[in-house]
Amino acid sequence: MKKKSFWRQGILALCVACMCLACGGGEKKAPLGPSKGLPGELLLIVDASLWKTSARDSLEDVLKGSVPGLSQYEPMFRMMRIFPENYSGQYSTMRNIIEVREDPQADGVEMGVAYNVKAVPQTYVNIKARDVASLNRFLMTHREQITDLFLASEMQWEAARLKKKYSKVVDDASRELFGYTVKVPADIAKVKKGEQFIWASSDRQTQDMNYVCYSLPLADSSMLLTKRWVDLRDSVMKRNIPGSTPENWMTTTRENGEPLVVQRSVQLADGRQVYEMRGLWEMRKGALGGPFVSLAYPDSAQGRLLVTEGFIYSPDTNKRDLVRRMEAALRTLAPVKP
């Protein structure tokens, strides 16, 4: 079992809380079985008395808040809730678990994280708060750190599935053009190549998944946290993903002239620092559109940025799980080993 914790000083202390019993005496334990849970599913363990307070609204706001970059509301997680006395058996092997409790003896707010406690893979977060007010402040302040723990778990779980079954034609094209391997869903098999550019699609009328990869000169990577990245994206897409008429091409959706995107820097599980952009795309002067997510990988050895993107076309259906599956695929991009 692997353990991880993080902390910050202040009125609300983010401290280490041990999440499992230490292995004693060198005794060998039976291997853990596979964890359970649908994509995006999360188990919340909370006492009935705490659930009747304002903490309920805070927890639902964090765990069931809207996924960024989508055109409609979809919750961050498919949340299941149980009381502590019911936590046993099948619940203990859920893939994503968060336990929240009130403890007057706690030093502000304490939080611990453990992995693979009862099953593999598994992420278990424990939050202990001195009072409801402290808990509410903590949840609002650290909402992104909390959700990122479970999103990272989802990405690793999905990536492990993709590595067992993936599109060989896309992987071969990526190896040939960029010297990088990538594992995208197996039904993404229709490939178009351009100059330092790959576009692969499942070519469906709905729930259509698309993968894009292209190379840009590596200049100042800070450009990837500005509107300049949007302009670069639009330029590449205009050249490589045209529509049915000369006036149609893929572009980033804007509102009052501002692109509808969210950008940030992200550290992957293997330690690599990448740049993330997510938002909405559309066909200029057309009816098609949907969500996308991009990751940009600095490749200083080659003096370039490799930008990978997954975009979805699936009108009138939920898109969260499709976007996350594509995001997991983007995170598998890695240099071909010599």
Taking the range 160-174, which residues are surrounded by 16 or more Cβ atoms within 10 Å (Cβ to Cβ) and either over 12 Å from residue 329 (Cβ atoms) or at pLDDT below 95 (or both)?
173
Among 173, 160, 129, 152, the single one that is more than 28 Å from residue 264 (Cβ to Cβ) and not acidic (Asp, Glu) is 173
Can you tell me which residues in the range 283-305 are in contact with a Gly (Cβ under 6 Å, 6 or more places away or on another chain) and crowded, with 18+ Cβ neighbours inside 10 Å?
283, 291, 293
Scanning the range 36-63 for residues that are in a loop (DSSP other than H, G, I, E, B) and more than 26 Å from residue 115 (Cβ to Cβ) gives 52, 53, 54
Answer yes if at least one residue in the range 26-35 is in a helix (DSSP H, G or I), open to solvent by 20 Å² or more (accessible area, probe 1.4 Å) and touching a residue at least 24 places away in the same chain (Cβ under 8 Å), and no otherwise.
no
Is one or more of the residues making up the range 216-223 in contact (Cβ under 8 Å) with a residue 40 or more places away in the chain, open to solvent by 60 Å² or more (accessible area, probe 1.4 Å) and part of a strand (DSSP E or B)?
yes
Within the range 246-269, how many residues are in a loop (DSSP other than H, G, I, E, B) and touching a residue at least 12 places away in the same chain (Cβ under 8 Å)?
6
Any idea how many residues of the range 45-55 are surrounded by 14 or more Cβ atoms within 10 Å (Cβ to Cβ) and either out of contact with any Pro (no Cβ under 9 Å at 6 or more places or on another chain) or on the phi > 0 side of the Ramachandran plot (or both)?
4
Step by step: first the residues of the range 181-212, then only those that are among the hydroxyl-bearing types (Ser, Thr, Tyr) and closer than 21 Å to residue 335 by Cβ, then the one that is surrounded by the most Cβ atoms within 10 Å (Cβ to Cβ). Which residue is that?
211
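The values are calculated or read from the model by the stated rules, or taken from the named source; none is laboratory data. If you're wondering where the values come from, they're calculated on a predicted model, not measured in any experiment. Reconstructed Cβ throughout: ideal geometry from the backbone, glycine too, with neighbour counts over all protein chains shown. Ligands, DNA and RNA are stripped out before the accessible areas are found, and what is left, the full protein with its side chains, is counted by its heavy atoms. Shrake-Rupley method; radii C 1.70, N 1.55, O 1.52, S 1.80 Å.
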